[in-house]
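Structure in structure tokens, see below.
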Amino acid sequence: MTGQLQAGRAGAEPGSAAALIIFVHGYGANGADLLSLAPMLEPELPGWGFLAPDAPDPCPGAPPGGRQWAPIPAMDGSDAAVAQAAFLRSADMLDRFIDGVLAEYGLPPEKLFVFGFSQGAMLALHLAPRRAAPIGGVIATSGMLIAPERLAAEVRVKPPVLLVHGDQDAVVSPAALPQAAEALQGAGFPVYAHVSKGTGHGIAPDGLGAALAFLRQFAGPADTPRDG
């Protein structure tokens with residue numbers, strides 16, 4: 001079982017995967033958007049599985065199939081309290097989804113990595129420190145750390161984090177990267193950062209390369225999956 005989220009899949013199947021990547025898409029997109037990265041990563045990460053859940057709610061004004069983890073008041077005029085509640089609900093759903101995937105694939109949490117983009121990166125940076133057991137790591141691209149002032153008091157685990165941002169991002173300010181890095185490092189997280197020169201709100205080839213190096217560094221040796 002993978003909770004209430006529906007997900008596309010690629011790569012290794014349950015029982016044979018050495019490690020997993022969960023892609024968490026941005027506002028107005030869907031799981032297929034980031035799952036399109038799997039063919040580029042799979043040759044470099046043989047034996048890995050890739051999953052990309054769709055956010056729970058349709059995104060008003062987005063192209064057909066676009067979804068959201070939460071409304072964004074500055075973009076859609078939604079109520080801030082409603083948006084916060086939706087964000088926390090999505091974090092809980094993603095948490096349960098991760099637990100279900102780990103059980104299905106028979107892998108320990110340190111063999112699972114979350115790769116988030118934009119709103120998905122914000123969700124990943126919120127959830128990963130608050131899980132009961134640390135995952136292998138977080139790759140947060142073009143995102144930001146929500147409520148950094150609450151991190152130190154609410155953190156339970158400290159997985160390694162890679163922050164990636166384009167220096168020409170006009171959607172989420174590039175200043176979000178050093179702000180997140182400062183808060184995470186202050187709370188004791190291993191933090192790595194990569195700035196993609198000349199890149200807007202997207203993932204450039206050099207950013208994907210930084211993500212691949214991070215995954216190789218922290219995945220460890222390819223083990224045989226344990227029985228789930």
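Name the residue that is nearest to ALA62 (Cα to Cα), counting only residues in the range 76-90 that are in a helix (DSSP H, G or I) and charged (D, E, K, R).
Just the residues of the range 76-90 that are in a helix (DSSP H, G or I), to begin with: 76, 80-90.
Now restrict to residues that are charged (D, E, K, R): 76, 89.
Details: ASP76: 11, ARG89: 21 Å.
It comes out as ASP76.
For the range 162-193, name all the residues that are part of a helix (DSSP H, G or I) and of a type in the set (A, V, I, L, M).
Passing the criteria: ALA176, LEU177, ALA180, ALA181, ALA183, LEU184.
Taking the range 11-47 only, how many residues are in contact (Cβ under 8 Å) with a residue 40 or more places away in the chain and in contact with an Asp or Glu (Cβ under 7 Å, 6 or more places away or on another chain)?
3
Has the range 97-116 got at least one residue that is touching a residue at least 12 places away in the same chain (Cβ under 8 Å), loosely packed, with under 14 Cβ neighbours inside 10 Å and on the phi > 0 side of the Ramachandran plot?
no
State which residue is farthest from PHE218 (Cα to Cα) when the search covers only the range 150-176 and only residues that are in contact (Cβ under 8 Å) with a residue 12 or more places away in the chain and among the charged types (D, E, K, R).
ASP169
Out of all the residues in the range 104-142, which are part of a loop (DSSP other than H, G, I, E, B) and in contact with a His (Cβ under 8 Å, 6 or more places away or on another chain)?
Hits for the range 104-142 are SER118, SER142.
Somewhere in the range 137-145, is a residue closer than 15 Å to ASP54 by Cα and of a type outside the set (D, E, K, R)?
no
Return the pairs, sorted by first residue and then second, in which the second residue is in a loop (DSSP other than H, G, I, E, B) and of a type in the set (Gly, Ala, Ser), the first residue lies in the range 202-219 and is touching a residue at least 40 places away in the same chain (Cβ under 8 Å) and on the phi < 0 side of the Ramachandran plot, the beta carbons are less than 6 Å apart, and the residues are 6+ apart or on different chains.
From residues that are touching a residue at least 40 places away in the same chain (Cβ under 8 Å) and on the phi < 0 side of the Ramachandran plot, the pairs are PHE218/GLY136.
Give the residue, chosen from GLN68, GLN4, that is exposed (fewer than 14 other Cβ atoms within 10 Å of the Cβ), among the polar types (S, T, N, Q) and under 19 Å from the mean Cα position of the chain (by Cα).
None of the others qualify; the one that does is GLN4.
Does ALA121 satisfy the criteria of being touching a Gly at 6+ places or on another chain (Cβ under 6 Å), in contact (Cβ under 8 Å) with a residue 12 or more places away in the chain and crowded, with 23+ Cβ neighbours inside 10 Å?
So ALA121 fits the description; yes.
Read the figures in this text as sums done on the coordinates, not as results from a lab. What you are looking at is a predicted structure, and each value in this text was computed from that prediction instead of being measured. Here the Cβ is made from the backbone with ideal geometry for all residues, glycine too, and neighbour counts use every protein chain on show.
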